[in-house]
Amino acid sequence: EYKDKTILLGMDDMDVFKGIELKLHAFEHVLEMHPYLRQSLVLIQVVNPPRSQSKEMEALQLELRESVERINSKYGSDLHTPLVWLDRPVPHYERIALYSVADCAIVTATRDGMNLMPYEYIVCRQGPDENPGTRRSTLVVSEFVGCSPSLSGAFRVNPWSVESVSDAMLHCISMTPQESTLRHDKHWKYLTRHTASHWASSYLNNLKRACEKHSSMKFYGLGLGLDSFRMVAMDMNFRRLDVVSVQEAFSNSQSRVFLLDYDQTLMTTSSFSQQPSEMVLGVLVNICSNPANTVVIVSGRRSQDLQEWFGQVNNLGLIAEHGYKFRPPGGDKWETHLNVEPSWHDVVLPVLEHYVECTDGSYLEKKESALVWHYQDTDPDYGSWQAKELLDQLESVMANQPVEAAKGNGIIEVKPQGASKGAAADIVFSWTRKAKDDVDFVFCVGDDRSDEEMFAAVEHVTFSPHMPAEVFACTVGAKPSKAPFYLDDPNEVLDVLRNLSIL
């Protein structure tokens, strides 16, 4: 019956979300725009009966019947029916036969889960191993179907775009045998490797891997309500900082390094209040007065701001913009530790300015080495959503640029590759070994993701053969961190520093 015909196959439930009417419109568009296909192209559409009846379902069935009659009366003849409509339950053997003869399978659902129809089609087109000959298959799959990401050889389409679906149909019809064979082989290899048993074993392996350290962790419930409550796993050794142990190690040491974050660590800051208080400055003055102490503020802020706020504190070191600039303790000149090409600003700046414009409460900060989008004063939900969108967009924009985007506490910062607080910590240790003795006491404190690199850097000092030291890495707030200790808030940080300054 279908000898020398090109067969397209659709197999769907009668449902408003299956996009059957969109498929018929696209098929009609192909026949209208390409008259030479009208006598050789056939769409076999199998429609399983609806699970329930409703006014919407009745309207859909009426629309589909009218479309079928219109297409067949307009483009059909006594010898050829372009649209074969099977509105009945199809037995298993008949489904296999239809899959086997179809040149292309089409799924245009507007919303669907793991639709198995494309997989069944590929298996049937492969056929038994003893059958000779090459295997070919082509697929047009809606991007809203759950299986579409796993079918990399299929034409993924937006089913609402009739032109997009009809173009994909035309590509399948006009595809060379070699290309359809390659696409089929790609899908077949994926199906044979990713079986149900493979999925089950990989799921169990991932579950075991995620749980293998649970016996050595402590779990805390954080948040309130269904939308924010979550269980957080922390290392068994993660605990509140023991001030007595810190004081004892401090008293027994000869060369000490203090690496201090500023925002939300030494002081709770906001976009309206950023300068350090007299209390913070007083504590820093006292602890810097001890010549055995190397105290450095490690911040992502601009060098001009840090100079203005902390310039009057004698013997205080300053690191600006995550290690881009360093003012040694006791010095008055800034050293630059990274070479930055400003050309990437032309690419990134328009993107950040767009998000400032469309996100109320956000603003843009321009540094010498970096650009920062602040969203801590926006609506929490909308700001977080915009931050995720911005990170995705920056990833594609910065593909060939020597910069990276990092998410901090209420900020998205685009900075040069290699600029990190971990590198900043190495700069401080290197300077201390040259200017003073080897370090035997390290106190490092911070509050957000950028400080995690600093915690990892100071961890190496503990095991360094040429510079063994007592290291106290501390995060502000009880949360998952590479630091083994925590303090609750900036007030506790200042209390620890104040107690050490009087020893």
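What list of ³J(HN,Hα) values in whole Hz, one per residue of the stretch 81-96 in order, does the Karplus curve 6.51 cos²θ - 1.76 cosθ + 1.60 (θ = phi - 60°) give from phi, with Gly and Pro shown as x?
Computed from phi, the couplings for the stretch 81-96 are 10, x, 10, 9, 9, 10, 9, 6, x, 10, x, 4, 5, 6, 4, 4 Hz.
Where a Cα-Cα gap under 28 Å defines reach, which lysines qualify for residue 325, not counting those fewer than 8 residues away within the same chain?
List returned: 333, 366, 367, 407, 415, 421, 434, 436, 482.
Using a 1.4 Å probe, how large is the accessible area of residue 245, given in Å² and rounded to the nearest 10?
Near enough 50 Å² of accessible area.
Could you run the Karplus curve 6.51 cos²θ - 1.76 cosθ + 1.60 with θ = phi - 60° over the stretch 111-121 and give me ³J(HN,Hα) per residue in whole Hz, x for Gly and Pro?
So the Karplus estimates, Gly and Pro as x, are 7, 7, x, 7, 6, 8, 4, x, 5, 4, 4 Hz.
Please calculate the 1.4 Å probe accessible area of residue 378, with all protein chains present, and give it to the nearest 10 Å².
Roll a 1.4 Å probe over it and residue 378 shows about 10 Å².
Can you give me the % of accessible surface on the stretch 181-303 that is carbon or sulfur? Probe 1.4 Å, all protein chains present, nothing else counted.
56 percent
Convex hull volume of the Cα atoms in the stretch 92-140, per residue, in Å³?
Dividing the Cα hull volume of the stretch 92-140 by its residue count gives 83 Å³.
To the nearest 20 debye, what is the magnitude of the charge dipole of the stretch 1-119 about its Cα centre, counting +1 on the Cβ of each Lys and Arg and -1 on the Cβ of each Asp and Glu?
With only Lys, Arg, Asp and Glu charged at Cβ, the dipole is about 120 debye.
Please list, ordered by chain and number, the residues whose modelled amide H lies under 5 Å from the amide H of residue 403; skip anything fewer than 5 residues away on the same chain.
417
Hey, what do the phi angles of the stretch 198-214 turn into as Karplus ³J(HN,Hα) couplings, whole Hz, using 6.51/-1.76/1.60 and θ = phi - 60°, x for Gly and Pro?
Taking θ as phi minus 60°, the curve returns 5, 4, 5, 5, 5, 5, 5, 5, 5, 5, 5, 5, 5, 9, 5, 9, 4 Hz for the stretch 198-214.
Given a cut-off of under 8 Å on Cα pairs at least six residues apart, what relative contact order in percent is computed for the stretch 1-146?
The normalised contact order for the stretch 1-146 reaches 30 percent.
Using modelled backbone amide H atoms (1.01 Å from N, in-plane), which distant-in-sequence or interchain residues come within less than 5 Å of residue 471's amide H?
Result for residue 471 returns 442.
Place the peptides 356-366, 402-412 in order of packing, highest mean first, counting for every residue the other Cβ atoms within 10 Å and averaging per peptide.
Highest-to-lowest ranking by the protection proxy: 402-412, 356-366.
Keeping all protein chains in place, calculate the accessible area per residue for the stretch 369-503 (probe 1.4 angstrom), answer in Å².
I get 44 Å² per residue for the stretch 369-503.
If the stretch 246-295 were replaced by its equivalent ellipsoid, with semi-axes equal to the square roots of 5 times the Cα gyration tensor eigenvalues, what would those be, largest first, whole Å?
Equivalent ellipsoid of the stretch 246-295: 26, 11, 8 Å, largest first.
Under the Kirkwood approximation applied to all pairs of distinct alpha-carbon atoms, what is the hydrodynamic radius of the stretch 1-100 in Å?
With all distinct Cα pairs of the stretch 1-100 included, I get 14.3 Å.
Write down Rg/Rh for the stretch 416-497, rounded to two decimals, with Rg from the C-alpha atoms and Rh from the Kirkwood relation over Cα pairs.
0.98
May I ask you to give the solvent-accessible area per residue for the stretch 107-252, in square angstrom, as obtained with a 1.4 angstrom probe?
That works out to 61 Å² for each residue.
Counting only other residues whose beta carbon sits under 11 Å from that of residue 323, what net charge do I get with K and R as +1, D and E as -1?
Net charge in that neighbourhood comes out at -1.
Please state, as a whole number in µm²/s, the translational diffusion coefficient that the Stokes-Einstein equation yields for the stretch 93-207 at 20 °C and 1.002 mPa s, with Rh defined as the Kirkwood radius across alpha carbon pairs.
The Stokes-Einstein estimate is 143 µm²/s.
Report, to one decimal in Å, the Kirkwood hydrodynamic radius for the chain based on all distinct Cα pairs.
28.2 Å
Treating only the Cβ of Lys, Arg, Asp and Glu as charged (+1, +1, -1, -1), what charge dipole size does the chain show about its Cα centre? Round to the nearest 20 debye.
Once rounded to the nearest 20, the dipole reads 1340 debye.
Taking loop as defined by DSSP and a crowding limit of 14 other beta carbons within 10 Å, which GluC sites (Glu not before Pro) in the stretch 1-71 fit?
1
Quick one: the Cα spread of the stretch 292-366 along its three principal axes, in angstroms, biggest first?
So the three principal-axis extents are 50, 29, 16 Å.
Rounded to the nearest 5, what % of DSSP beta bridges with both residues in the chain are antiparallel?
Looking only at bridges with both residues in the chain, the antiparallel portion is about 35 percent.
For the stretch 313-464, give the percent of accessible area contributed by carbon and sulfur heavy atoms, probe 1.4 Å, rounded to a whole number.
Carbon and sulfur: 45 percent of the exposed surface of the stretch 313-464.
Which value, to two decimals, describes the C-alpha radius of gyration of the stretch 60-144 once divided by 2.2 N^0.38 Å?
1.30
Please flag any cysteine in the chain that has no other cysteine's Cβ under 4.7 angstrom from its own Cβ.
So far as the 4.7 Å Cβ criterion goes, 124, 147, 211, 288, 358, 444, 474 stand without a partner in the chain.
The values are calculated or read from the model by the stated rules, or taken from the named source; none is laboratory data. Predicted model, so just to flag it, every value in this text is computed and none were measured. Quick reminder, even Gly has a Cβ in these numbers, built from the backbone with ideal geometry, and neighbours come from all protein chains shown. Remember, those area values only see protein heavy atoms, side chains included, never the ligands or the DNA or RNA. Shrake-Rupley method; radii C 1.70, N 1.55, O 1.52, S 1.80 Å.
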